[in-house]
1. Condition check: under 19 Å from the mean Cα position of the chain (by Cα) and either loosely packed, with under 15 Cβ neighbours inside 10 Å or in a loop (DSSP other than H, G, I, E, B) (or both). Does A:LEU130 satisfy that?
2. Please state which of the following conditions A:ASP177 fails to meet, knowing it meets all the rest: (1) part of a helix (DSSP H, G or I); (2) surrounded by 15 or more Cβ atoms within 10 Å (Cβ to Cβ).
3. If you check every pair at least six apart or on different chains, which have Cβ atoms under 7 Å apart with a residue in region A:153-166 that is within 14 Å of A:ALA122 (Cβ to Cβ) first and a residue that is of a type in the set (A, V, I, L, M, F, W, C) and more than 6 Å from RNA strand B (Cβ to nearest atom) second?
4. All but one of (1) more than 30 Å from A:GLN263 (Cβ to Cβ); (2) in contact (Cβ under 8 Å) with a residue 12 or more places away in the chain; (3) assigned to a helix (DSSP H, G or I) hold for A:PRO115, so report the exception by its number.
5. Could you tell me which residue of region A:139-166 is farthest from the chain's Cα centre (by Cα), considering only residues that are more than 10 Å from RNA strand B (Cβ to nearest atom) and surrounded by fewer than 19 Cβ atoms within 10 Å (Cβ to Cβ)?
6. Can you tell me how many residues in region A:247-292 are out of contact with any helix residue (DSSP H, G or I) (no Cβ under 8 Å at 6 or more places or on another chain), within 15 Å of A:ALA14 (Cβ to Cβ) and of a type in the set (S, T, N, Q)?
7. Hey, does region A:287-299 have a residue that's in a helix (DSSP H, G or I) and within 15 Å of RNA strand B (Cβ to nearest atom)?
8. Inside region A:72-105, can you point out the residues that are within 11 Å of RNA strand B (Cβ to nearest atom) and either of a type in the set (Asp, Glu) or farther than 11 Å from A:ASN34 by Cβ (or both)?
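Please treat every number below as a calculation from the coordinates, not as lab data. The model shown is predicted, which means the values in this text are computed figures rather than measured ones. Note: ideal-geometry Cβ built from the backbone for every residue, glycine included; neighbour counts use all protein chains shown.
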Amino acid sequence: MSPPAPLYLCGPTASGKSSLAVEIARQADGEVVNADAYQLYRGLETLTAAPTREQREIVPHHLFGVLDPDEGCDAMRFRELALPVIEEVLSRGKLPIVTGGSGLYLKFLTHGPSPLPTGDPAHRERLAALSLNELVERLKHLDPVEAARTDLMNRRYVTRAVEICELSGERCSDLRDRWETITADVGNKLRGIFIQRERADLHQRIHRRSAEMLDGAIEEVAVLGDASETLGMAIGYREVRELLDGGIDRETCVERIRTATRQYAKRQETWFRREAWLKPLVWAPDAAVPLNPALRLAGIRF
RNA sequence: GGCUCGAUAGCUCAGUUGGUAGAGCAGCGGAUUGAAAAUCCGCGUGUCGGCGGUUCGAUCCCGUCUCGAGCCA
């Protein structure tokens, strides 16, 4: 018997999340729910290293390939997609195994959204015309408290804070403080594990996987129509596009994908390390799927 | 075989009129609640090819050797 709450399974890209998720699901009467920003998209299974057809036949998989390439997405939309799916799986007495590496998306799911306005493209376009300095000055004027704790070198964050003030008519800092208070002890009720691999091991896996996926990824990108702004930022998509446009050769393409993937994996590790409620699961190089340690960490009897 | 140029961080290179050196990329660390596979911040990791010489002091000048590129034979 498993507690009636989802199990979160996180880890950097190429750490082996998908195969571990399948094994856990098989043992614990569970179903896999995607928490990966780019595996939500249809038609990019290879590029995004989505679970294989074989894996999906073993246990049910949800939220893979549910978005069209030209659809946009954000953390809130993901939350709204995932919540009913998780509820539905639980209602059938199954264990949802929420698997993915998108830290912000997962955080929206586990900690809920703060009451902030959704980004408005037209408004963002107006803000994009301003210099960073002008944005910073505007934020300092609208909300000095938020300005003092925002990374003022990060244009994205400054833009977002200004946007929140202007769209809501309230102070960004007030809205965010409210959420911080509400979610302070949410982590205590969650259970999740994150896969830890030695850096060199992870790099080797990324190296190998990048080469293996290239042909399939090229095919996927070639038949793809217009990509949404969200999808256009996917690692691999940009590089393969450039390859198809003749800007770079194959070797350069793979190398760039490898580099970008390594850097992404490092950012993921930083994110998950900070999430104190996640229990680390060490997966040694060349070791088999660590099913029993994972079940133990998850508190599942076996 | 002769001549010329080059050899400096993991890679590509800059530099020191002689006082043991710094950029980009890679790498490492961090931030991160509606763009997040995004965005941003911090950190130089080095027998300055080897061995001799000149000098108070050589990565820099001189000699020699090794390796690489080119030119002439």
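1. Numbers: under 19 Å from the mean Cα position of the chain (by Cα): no; either loosely packed, with under 15 Cβ neighbours inside 10 Å or in a loop (DSSP other than H, G, I, E, B) (or both): yes.
Answer is no for this residue.
2. Every condition holds for A:ASP177 apart from (2).
3. What qualifies is A:THR159/A:LEU127; A:THR159/A:LEU135; A:GLU163/A:LEU127.
4. (3)
5. A:HIS141
6. Qualifying residue count for the region: 2.
7. Within region A:287-299, none of the residues are in a helix (DSSP H, G or I) and within 15 Å of RNA strand B (Cβ to nearest atom).
8. If the condition is that a residue be within 11 Å of RNA strand B (Cβ to nearest atom) and either of a type in the set (Asp, Glu) or farther than 11 Å from A:ASN34 by Cβ (or both), then A:GLY72, A:CYS73, A:ASP74, A:ALA75, A:MET76, A:ARG77, A:ARG79, A:GLU80, A:GLY103, A:LEU104 are the ones that fit.
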